Amino acid sequence: MLASGNGTNVDNFIRYFSGHPKIEIALVISNNPRAYVRERARKANIPHLIIPADQWHDEKKIREVFSGAGIDIIVLAGFLLLIPENLIKMYPGKILNIHPALLPAYGGKGMYGMHVHRAVIDANEKHSGISIHLVNEKYDEGRILFQEKVAVEAGETPESLAAKVQQLEYRYYPRVVESYINRLFPES
């Protein structure tokens, strides 16, 4: 799993897949040395490491890290860097991300976290939600696998909308990833 911050979605995945008969979280990687997600991985006895932003284009290093850990699928959980083309080519159709809005709206560079929720509210949208999608070379433009929406109520704040969207993330993201993995690897 790739994460840049607190790692609440990673923690949710750790709980969801604990003891799973065929899916395990083999490695947590962050680009941020101060990310709390490292502590979450450590507490769960999951290997974790930091790859600074300037090293993601080092194809040899990236290949060694991911191949060496036996990674089959990559799941992003609040990872804020654009995934480099070399990694996308290594894992075509096998990198998943979640976005806190109903794509294609409110996606793209700089559209993450509270920036998204403020934009949705400022546009007077009636709904927001989550989009789980495959990753390609552009921010939030990969094929959408799943969406779920939530109402944007009168008087909604970015914080209250974020809390509602986060509940959707916790409920659906691990399940959609599990279903996708089972489709890709039905016999394993």
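Readers should treat all values here as calculations from the given coordinates under stated rules, not as data from a laboratory. Everything quoted here is computed from the prediction, not taken from an experiment. Note that we place each Cβ from the backbone using ideal geometry, even for glycine, and neighbour counts take in every protein chain shown.
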Fill in: Counted residues, region 89-104 - those being of a type in the set (Gly, Ala, Ser) and surrounded by fewer than 18 Cβ atoms within 10 Å (Cβ to Cβ)
1
Fill in: Which listed residue, of ARG183, ARG171, is farther than 13 Å from GLY129 by Cα and in a helix (DSSP H, G or I)
ARG183
Worksheet item: Among the residues of region 63-79, which ones are surrounded by fewer than 19 Cβ atoms within 10 Å (Cβ to Cβ), part of a loop (DSSP other than H, G, I, E, B) and either within 17 Å of the chain's Cα centre (by Cα) or in contact (Cβ under 8 Å) with a residue 60 or more places away in the chain (or both)?
Response: ILE71, ASP72, ILE73
Worksheet, complete the sentence: Residue hits (region 29-54; crowded, with 18+ Cβ neighbours inside 10 Å and either of a type in the set (Lys, Arg) or not in a loop (DSSP other than H, G, I, E, B) (or both)) are ILE29, SER30, VAL37, ARG38, ARG40, ALA41, HIS48
Worksheet item: Taking the stated definitions as given, is LEU2 under 24 Å from TYR91 (Cα atoms) and surrounded by fewer than 20 Cβ atoms within 10 Å (Cβ to Cβ)?
Response: no
Item to complete: Take region 124-149 and flag every residue that is of a type in the set (Gly, Ala, Ser) and either in a strand (DSSP E or B) or touching a Cys at 6+ places or on another chain (Cβ under 9 Å) (or both).
Response: SER128, GLY129, SER131
Worksheet, complete the sentence: The residue from ASN86, ASN9 that alone is part of a helix (DSSP H, G or I) and buried (at least 21 other Cβ atoms within 10 Å of the Cβ) is ASN9
Practice prompt. Scan region 39-51 and give yes if some residue there is in contact with a Gly (Cβ under 6 Å, 6 or more places away or on another chain) and free of Cβ contacts under 8 Å to residues at least 40 places away in the same chain, otherwise no.
Written response: yes
